1. What shape does chain B take by its C-alpha gyration tensor, where a ≥ b ≥ c are the square roots of the eigenvalues and a/c under 1.5 counts as rounded, a/b above b/c as prolate, and the rest as oblate?
2. Using only the alpha carbons of the protein assembly as shown, what is the convex hull's orientation-averaged projected area in square nanometres?
3. Just need the relative contact order of segment A:148-210 here, percent rounded to a whole number, with Cα pairs under 8 Å and 6+ apart.
4. Amide H to amide H under 5 Å from B:LEU50: which residues, 5+ apart in sequence or cross-chain, H placed 1.01 Å off N in plane?
5. Can you compute the radius of gyration and Dmax for segment B:101-168, using only the Cα atoms, both in Å?
6. Using the alpha-carbon centroid of each, what span in Å lies between segment A:209-277 and segment B:204-249?
7. Using amide H atoms built 1.01 Å from N in the peptide plane, name the residues 5+ places from A:LEU283, or on other chains, whose amide H lies under 5 Å from its own.
8. For segment B:73-137, just say rounded, prolate or oblate: build the C-alpha gyration tensor, square-root its eigenvalues into a ≥ b ≥ c, call rounded for a/c under 1.5, and beyond that prolate if a/b exceeds b/c, oblate if not.
Amino acid sequence: MTYQLPDDRGHFGPYGGLFVAETLMHPLKELNEAYEKYREDAEFQAEFMDDLRLYVGRPSPLYPAKRLTKKWGGARIYLKREDLNHTGAHKVNNTIGQALLAKRMGKTRIIAETGAGQHGVATATVAARLGVECVVYMGSEDIKRQAINVYRMKLLGAKVVPVESGSKTLKDALNEALRDWVTNVENTFYIIGTVAGPHPYPAMVRDFQSVIGREVRYQLSEFEPRDPDALVACVGGGSNAMGLFYPYIDDEHVALYGVEAAGEGIATGHHAAPLSAGRPGVLHGNRTYLMETDDGQIIETHSISAGLDYPGVGPEHAWLKDNGRARYVAIKDDEALAAFHELTRIEGILPALESSHAMAYGQKLAKELGSDKVIVINLSGRGDKDVHTIAAREGIEI
Amino acid sequence: MSRLDKQLTSLKEQGRTALIPFITAGDPDPAITVSLMHAMVSAGADVIELGVPFSDPMAEGPVIQRASERAVERGVSLRDCMDMVQEFRQRDYDTPVVLMGYLNPIEVMGYQDFARIAAKSGVDGVLTVDMPPEEATDLRAALNAHKLDPIFLVAPTSTKARIQAVTAMASGFIYYVSLRGVTGAKHMDMTEVSDRIGEIRKYTQLPLAVGFGINNPETAARVAALADAVVVGSALVKRIEEVANRNQNDGQKEAIIESVTTFVLSLREAIDKVGVAA
Ligand SMILES: Cc1ncc(COP(=O)(O)O)c(C=O)c1O
């Protein structure tokens, strides 16, 4: 591989790095050392791959969406079915990996932040399986809109702590998880759910999620005698996108598209699209694109999908944007909803609202590229968790 | 000699431990901050630590989080904080002021502009909580160019190598975080604090301030026996919040100043009974 980032202090060009209070510096160094050791360790990797196969159900299928391709009338569409993973999203790939690391580091308590609740559920799941205490921080606004996932976490034995500070969403849950970690560093492992946070999280989460792209590489050859022309994934923090993109990063002929949430439209200011409409700053341990005021205060975001409702983005995406390797676009709430219905009715698959953003952009791109091209869209999760949101939005009572 | 060096050296010569109260700028009202700073000096503060409000104060406990939220709601910016220091300087030329906050507002302003305006406003030191020495080269250079002291934290988790990295970068004083946790937590271990202070002193001649868990005069006095400076934040900010809530209308400012004065006086008295660290 010619692409070799981050550097040893976690930088992707000017982005990434390690911006935390002193108390966390040594624990992060220990985590980095453990990760560096086990990423090369055959036994660790074998256990990780076994868990993904036997517990998560990998490989997830690469599905040729023929009816959708025909309906859209453009490029051939393949869907990477992360929605079929155990717990219903790509998030579990990462929590399995970090849980194995937690076990090897002798940590007896696991904490996590969550927005949509998918990462919280995936964390509660691995904690149940390890038999360790699990605390999940979740903004009280998100608790309201993701009630089913909250209950799932409780069933799994996790304690869900509502976060009432700030905007009461994902960013505040992350703040609170960091505060817990700083207080309980000795026995606690913090499982971050996306490619954000301080080094080594962005690289580590990317590496665990890269199984997505590695599978696509061999799966596509069953149908196509060539590489895809474009890869499309939604970007909240950016972990499902990095997982799909990373194994293709040196293949410049494969275009990479990250899809942010435009909410009610970029021009309205009610969105969650830092790469499309933000600027660089420092939050949650790394330098990246942020949504912020002229004074450097982080601003509230808006998206119909809780999993994309985050004012920052993983630092590697910031770098891929600046150097032009990936392109970042944004899809509005309404467009995502339309794509949700389209996939449900045409292919019989209910996508998560997050993934529906990728679907909506995939439709535009399919037309643009034309019928001799191939697009892989990451279907990062299933939509069951969003059924209430969609019904409410359409004025239907369940 | 910087204002901080001058003040801390002179206190040491007098055999006294410095008292550093912390308040959040603009809490509960921007119109009160400068008066509060003067009142704290009159009650015995040697250095003032002024918290710069930030939307995501990751190292703060609930008390300072709420103060920061109140100030952010009032629109108090980094620039406003420096304006407050400038106003303070019109009547107080000697008491050092340290800004304590998070990196992002400084990033957005730009290191050079920030350092220039801070120096011009009469700021003396800058503590950026989420900026460890590894990432601090550029900011430190900008601060040093304007004769501002970069203040860094040392934590209970800091290894010997980390303590050395911090002391190599810092000037003014070293800020030892007395517990694993956020500001205002209640589980400080005095034996550990004592051991760690001994350890840190092996690597630096800089004065050592201790803070994060000091919430009453008794604890302040015990820490004063070990450290060169005692920082008290949450306990003070909590009083401001309580008094503000009780006096929503007329007389709020006077009530807050009175309460803060009483508390700072009690801290001063407790600390002065102890004398300087050996
Ligand atoms: C199904 C699904 N897709 C995507 C995301 C966004 O996260 P990321 O950008 O890290 O993949 C989430 C987050 O909750 C999710 O649940």
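1. Values: a/c = 1.42, a/b = 1.12, b/c = 1.27.
Note, shape of chain B comes out rounded.
2. Approximately 29.6 nm², given one-decimal rounding.
3. On the way: 26 pairs, mean separation 8.5, N = 63.
Reported as a whole number, the value is 13 percent.
4. Under 5 Å from the amide H of B:LEU50 lie the amide H atoms of B:VAL98, B:LEU99, B:MET100, each far enough along the sequence or on another chain.
5. Final numbers for Rg and Dmax: 12.2, 36 Å.
6. Between the Cα centres of segment A:209-277 and segment B:204-249 lies a distance of 49 Å.
7. Amide H to amide H, under 5 Å and 5 or more residues apart or across chains, A:LEU283 pairs with A:THR288.
8. Cα axes put segment B:73-137 in the prolate bin.
The values are calculated or read from the model by the stated rules, or taken from the named source; none is laboratory data. On a predicted model such as this, the values are computed, not experimentally measured, just so you know. Cβ atoms come from the backbone with ideal geometry, glycine included; neighbour counts cover every protein chain shown. We work out accessible area using only protein heavy atoms, side chains counted, and drop any ligands, DNA or RNA first. Shrake-Rupley method; radii C 1.70, N 1.55, O 1.52, S 1.80 Å.
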